[in-house]
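Each reported figure results from applying straightforward, stated rules to the coordinates on display, with no laboratory input. It should be emphasised that the depicted structure is a prediction, and the values quoted were computed from it without experimental measurement. Cβ sites come from the backbone with ideal geometry, for glycine too, and all protein chains shown count toward neighbours.
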Amino acid sequence: MIEFSWHVDGKNDDRKIVFSGDQGRPGAPFLTSPKKVQEADYQVLESTYGEREHGDRSRWGKELFEAVLETVENGGNVIIPAFAVGRAQEVLYELNPYAESGAFKGIKCFVDRPLVVSAGEIYSRHPACFNAETRHLIEMGDDPLAFPGISYTRSKDESKAMNSVKEPHVIISASGMCTGAGSFTT
């Protein structure tokens with residue numbers, strides 16, 4: 001977020017304009033909560049979600065896990081399109097406790113896109129940006145982006161190898177994969 005203030009010539013009148021992209025949601029595990037703009041005369045910002053509420057974040061992981069488990073138990077595969085930076089890491093963070101506790105029941109999980117893998121590595125190198133809960137997990141020796149049954153793919157061959165997996169599984173990929181944009185899989 002960038003704030004500019006200026007004084008209008010000849011008038012005793014200061015003005016402030018704020019420019020911002022996506023400010024994020026409060027409580028995200030890999031970023032500190034965004035600061036709210038307290039006041040501005042003008043705002044220029046990205047507004048993907050407009051005035052929509054995101055809902056109760058405390059239930060998000062449980063609901064995601066239940067949807068994955070139901071799909072897999074019914075013999076289906078789960079493909080989760082997620083932005084490579086931010087959202088993919090949040091999905092892994094939310095699935096992590098279920099996989100580590102054994103509740104995932106051996107379900108294989110693939111992170112399929114080099115950009116998603118690289119973004120996760122960059123996040124891991126900068127824990128000071130994480131919220132307090134995530135920093136605590138790391139201090140306790142838990143990598144929130146790794147758990148039993150997870151595989152990261154970087155190459156076209158690794159991505160194609162997922163086609164041979166017969167049992168139900170989860171694929172987390174950049175959202176373009178679901179539309180065929182640059183997808184490695186066939």
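General remarks:
- Annotation: amide H-H contacts under 5 Å for Leu45 (H modelled 1.01 Å from N, sequence separation of 5 or more, or interchain): Ser20.
- Under 5 Å, built H, 5+ apart or other chain: amide partners of Val111: Ser151, Tyr152, Thr153, Ile172
- Radius 15 Å from Cβ of Pro97, net charge of other residues (Lys, Arg +1; Asp, Glu -1): -4
- Ordered by the number of other Cβ atoms lying within 10 Å of each residue's own Cβ, fewest first, Leu45, Leu115 fall into the sequence Leu45, Leu115.
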